[in-house]
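The values are calculated or read from the model by the stated rules, or taken from the named source; none is laboratory data. It should be emphasised that the depicted structure is a prediction, and the values quoted were computed from it without experimental measurement. For neighbour counting, all protein chains shown are included, and Cβ atoms are generated from backbone atoms with ideal geometry for every residue, glycine included. The protein model used for the area step is the full one, side chains on, heavy atoms only, and it has no ligands, DNA or RNA in it. Shrake-Rupley method; radii C 1.70, N 1.55, O 1.52, S 1.80 Å.
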Amino acid sequence: MEFEKMYFDVEPSYIIDHHCCSLETALPFQNNHLSFQDYVSNDIVSTENFLEMETDIKDFDSIAKNCALDHENVVHKRLLPCQEIQETMDILAAEQSHLKDIQDELMEESSLTDLLLMGAEAIEAGNVRFASLVALRLKDILSDQENGDNPMDRLALYFTQGLLDKSLAAPELPEDPVSQQTNAITAFQMVQELSPYVKFAHFTANQAILEAAEGLQEIHVIDFDVMEGIQWPSLMVDLAAREDASLRITAIVGDKRSSCNIQQTGFRLQDFANSINLSFSFDQVLVTKEEDFEEIKVGHTLIANCMINQLHMPCRESSLVKTFFNGLRKLSPKILVLVQEELFSFSKAPSTSFAEFFCEALDHYTALSDSLRSGFCGGYKLALKIIEREFLRKRILDSVKHFPCGIMGNESNMLPDYPSMNGFRPIPMSSCNVTQAKHLISLFNGGYWVQNEHCKLTLCWKSRPLTTASIWVPTASSKTSLARSTYF
């Protein structure tokens, strides 16, 4: 079978001199990363006032209808002259129009961030009509910004589209798969070279795997989301340096439509393994329920690798993530390496409201956009727009639309249905892994730093954590591994 070759960058980027472009940080939203509490305490007219006005308007509509009924009774009974009733109706209509004018004026005077939060709070309150009005007002303001030069306005436009899709329950529009894959690969390559985001995840996970497999020859990795397999060539090179080492990768498939692409990934990895004389095998398992894990024949040393909700990766429904973790408990791997975007961290409180999550997402993606811009100089504006459109836009639309808030009936289970880590406990990162991560981020423009605490290694941009890596091992009370009847 013929397939397209992919050339892997097998050398860690910190071995080669890194060239970083600089760019002055653009101004963020006018409110400069305000916290949720800052938004609530802002002395501008709050969203609650708008919601009250909206309720008043609805009350006037009701009053008007009642007056119309009274009007019929009055005419019938000839108790009041028709002119007096008409004057009353005119007064009510004038007051209703005046309230709407005030509402429009206040929306005009509010900043982009204020309007975005108004829409989020209106959705949380169940006032879909007002939320859609705010979103349409925002879209009108930002209609010509998608191709503009201000990245913060483009970011606001993506959040606006998310609010509009959620308030109107808009269906997802299919994209051209060929064009989508080409653009995504281009965007991924740029992110990989100009940001430590991808390398931090891959190098930290691979170092943890190498340390867990120290002195062992046969290694079996179960990969939750292998995609193009970019993570594995550097690990394969290190293993090839060991005498008689072998590697087996089992890719978890959640949708059989992606099976063909994953098979091509396996072919490319096999070719690369042959080129460095590494004993290698690759297989995939379709997983829709926990029992599917029984099909996995486990080797001597089992290691689980889970990259989830990363910027360059598609969103996976929490039902698949939960199935993966429940299946792992039965297999009892030596270690589980978990790398996850901080916004969707399993440690987040599941009781987070939609407005709180929206505000958190606004801060998170603003910081992420700011960090990406730091790696681009003026000539890379088009490249930055491609990254925003392929990764940030899709991330924002998915996270806003699918976060449950109790008023929509078509939301998938994405965030608050957290997988349980019962049966696993975290262990600290090694000093070697921490040192490697710090050296990696030192090769990029200032603003990046690494936080190491509570058994988590976190890549941060200024004051904001972006992505977190952690290592987990089965607890003494977890289930024992399945019978290992098949070996390499």
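Could you identify the single residue in Ser319, Ser347 that is under 18 Å from Asn422 (Cβ atoms), of a type outside the set (Lys, Arg), open to solvent by 10 Å² or more (accessible area, probe 1.4 Å) and not in a helix (DSSP H, G or I)?
So the residue among Ser319, Ser347 that is under 18 Å from Asn422 (Cβ atoms), of a type outside the set (Lys, Arg), open to solvent by 10 Å² or more (accessible area, probe 1.4 Å) and not in a helix (DSSP H, G or I) is Ser347.
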When residues of the stretch 120-150 are filtered for being basic (Lys, Arg), open to solvent by 70 Å² or more (accessible area, probe 1.4 Å) and without any contact (Cβ under 8 Å) to a residue 60 or more places away in the chain, how many remain?
1
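Please specify each residue of the stretch 214-223 satisfying the condition of being open to solvent by less than 10 Å² (accessible area, probe 1.4 Å) and either over 31 Å from the mean Cα position of the chain (by Cα) or closer than 17 Å to Cys315 by Cα (or both). Write out each step before concluding.
Residues of the stretch 214-223 that are open to solvent by less than 10 Å² (accessible area, probe 1.4 Å), as a first pass: 219-223.
Result: Asp223, single match.
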In the stretch 256-283, anything touching a helix residue (DSSP H, G or I) at 6+ places or on another chain (Cβ under 7 Å) and open to solvent by less than 60 Å² (accessible area, probe 1.4 Å) is listed as Leu269, Phe272, Ala273, Ile276, Leu278, Phe280, Phe282
Please give the number of the condition Ala251 fails out of (1) crowded, with 22+ Cβ neighbours inside 10 Å; (2) assigned to a helix (DSSP H, G or I).
(2)
Single unsatisfied condition, Phe267 versus (1) outside any helix (DSSP H, G or I); (2) modelled with pLDDT of 95 or more; (3) not charged (D, E, K, R)
(1)
Of the residues that make up the stretch 201-213, is at least one of a type in the set (Ser, Thr, Tyr), in contact (Cβ under 8 Å) with a residue 60 or more places away in the chain and crowded, with 18+ Cβ neighbours inside 10 Å?
yes
